Structures are given as structure tokens and as C-alpha cells.
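Computed from the coordinates by the stated procedures, all read-outs in this text should not be read as laboratory data. Because the structure is predicted, anything quoted here is derived from the model rather than measured. Neighbour counts are summed over all protein chains in view; Cβ atoms, including those assigned to glycine, are modelled from backbone coordinates with ideal geometry.
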Amino acid sequence: MPAKEIKQNKDNTGAADMVVDLKVPPTGVPVEEVVEAVETAEVVEAVVAVAPSGKVTPGKRMRDSARHGGRGGQASGPGGARTGSGSGQRGGGRGGRGGDNRERVKPEFDSKIIDIRRVTRVTAGGRRMNFSVAVVAGDRKGRVGVGLGKGGDTASAVEKATREAKKHIIRVPLSASMTIPHAVEAKLGSARIKIFPARGSGVVAGSSARAVIELAGIKDVCAKILSGSKNRLNNARVAIEALNKLIKIPRTNSVQNSGQKK
């Protein structure tokens, strides 16, 4: 085989390998035309890669909504000022959730936890833990009560204690200045307490008796725990017992008595 034909076969073989995708016949094509076709194909592929496609993908939709809706809309005018409401697909959803301005209903009774204990019971299978919670509930208008609840978790125990406190509500007879009419003393178990009015001094009390007095709405009163009991539940119950002994003094009787003495 002549040398010229061998060289032409080598060029044709390389060109065939390079232009398989272009479907060019493997023989009878000059090398210059094959190179020019390859360069043209590369340019076409680059243009296709840069040109935007008409297919809308989820990622493209999210980018468009964030660009046009979430950032205040498209730019318009010579100054390039952005116009629009600034709420696209994502912004409109957030505005819908935040537009519900419902007023929260205030509960009738306020509650306060005065004692919480973890009780452990040993059984054959191991230890079982429960919670015991004492709660004081009142409306700050003369009604107050104490309840005890037990449960496997604190949430259920607090709910049970609050329900029991509302069942045992008492009404305290208060004067026009929201104070007690007279001094009173009570004893329950080993706990003793004395409560007496003190004009202009505010609430002077300690332990759980203060929680009972505040949730009852009593003002200008002093409470003294006379026993050495540190049990918060017993101190709260004896305070309830003392307030339950109060007797409201009618103003008419007091005025008549003062007139008769004169």
C-alpha cells in the first residue's frame, strides 16, 4: 500500500471517531471539513446549555417566586425601583397565617402551684414514679380554693389539682376596700394561722398563705403562721379554713349601734 493512502486512512479513521454523533460517513471526507464540523457542534452545545429552557422545574419556580414575590416584585421605571406588594407565594402564605388576630380568652380563675413532689413507689418490677401537685386557684374577687392532684406526669397532675381546687371554691366576705372585716384564727391538723386586717400595710404573709390571700384578692392584711409546720399544703388549707370563718358585718347595724351609743 502506498504511503499516501496509509496517511489518508489514518486521517479518515480519526475523523470517524470524532464525528460519530454527527453521522458523517467514515470515508471520503477531508480532514478540514471534519474539524470545522466538530467546532460548529461544540458552539451549538454551548449555546444550548446557556439558553434558558422552556421547562419549569420546582427549583426554578422557587427561585422565581423568591426573586419576584418575596423581595418586593419586579423592578420598574428608569430608577429601577421595585414595585409590588412584596408577598409572593411564600410571602402570601405567611401573611395568611399571621392575619388571624383572635383575642385569647382570659380564664376565669388564676392558678398557682404551691408544692410539687415526686413520689417513688418500689414494686416487684422496679420503681414507679408519680407526681403530687398542690394548686391554689382564685379569681382575685373573693373566691379561692386549694386542690391536690396526682399523676404520672406533671401536666396531668396540675390539671387534676386545678379541677379539684375549682370544686372546693369558697367565697370570702370582703369590705368595700377589699380587706377582711375582722381578725380570725384557725387550726387544721398541726397548722395554726392568724389573719387580721392592717390598713395601709399591703399583704404581709409568707409561705403558701400569701398565695391564698393574693388569689382571693384581699388587700391590707397580715397573716401569721403560729405553728412550726413547714407543709405548704397544710398551711394553704388552714388559711382557707380561717377565711371561711369570716363573717361579713353589715354597715347598717354598725351605723345603728354607733347612733344608739351616742
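Any of LYS224/LYS248; LYS112/LYS219; LYS194/LYS230; LYS150/LYS194 with alpha carbons more than 23 Å apart? Name them for me. Result: LYS150/LYS194 exceed 23 Å.
Compare the peptides 108-117, 57-66 by average per-residue count of other Cβ atoms within 10 angstrom and give them in order, highest first. Could the numbers behind the result be given before it?
Values: 108-117: 15.9, 57-66: 11.4.
For the peptides 108-117, 57-66, the packing ranking is 108-117, 57-66.
Between GLU159 and SER65, the C-beta separation translates, for a Förster distance of 45 Å, into a calculated FRET efficiency of about 0.50.
In this structure the amide hydrogen of VAL203, modeled in the peptide plane, comes within under 5 Å of the amide hydrogens of ASP220, VAL221, none closer than 5 places in sequence on its chain.
Mind checking the full-extension length gain between THR57 and SER177? Use 0.36 nm per residue of separation minus the Cα-Cα distance, one decimal, nm. Please report the intermediate quantities before stating the final value.
Details: separation 120, 0.36 × 120 = 43.20 nm, distance 7.18 nm.
That works out to 36.0 nm of additional length.
Classify region 99-204 as rounded, prolate or oblate, taking a ≥ b ≥ c as the square roots of the eigenvalues of its Cα gyration tensor: rounded when a/c is under 1.5, otherwise prolate if a/b is larger than b/c and oblate if not.
Values: a/c = 3.13, a/b = 1.39, b/c = 2.25.
The shape class here is oblate.
How large is ³J(HN,Hα) for each residue in region 232-244, as worked out from phi by the Karplus curve 6.51 cos²θ - 1.76 cosθ + 1.60 (θ = phi - 60°), to whole Hz, x for Gly and Pro? Listing the rounded values in order: 5, 5, 5, 5, 5, 5, 6, 5, 5, 5, 5, 5, 6 Hz. Each residue of region 186-194 was assigned a 3J(HN,Hα) from its phi angle through the Karplus curve 6.51 cos²θ - 1.76 cosθ + 1.60 (θ = phi - 60°); the sequence is 8, 9, 9, x, 9, 9, 10, 8, 10 Hz, with glycine and proline shown as x.
Proximity of backbone amide H atoms, modeled 1.01 Å from N, is registered between ARG192 and LEU226, SER227, SER229 at under 5 Å, excluding neighbours fewer than 5 places apart on the same chain.
Once you sort the root eigenvalues of the Cα gyration tensor of region 133-183 as a ≥ b ≥ c, which label holds: rounded (a/c under 1.5), prolate (a/b larger than b/c) or oblate (the other case)? Since a/c reaches 1.5 and a/b is larger than b/c, the shape of region 133-183 is classed as prolate.
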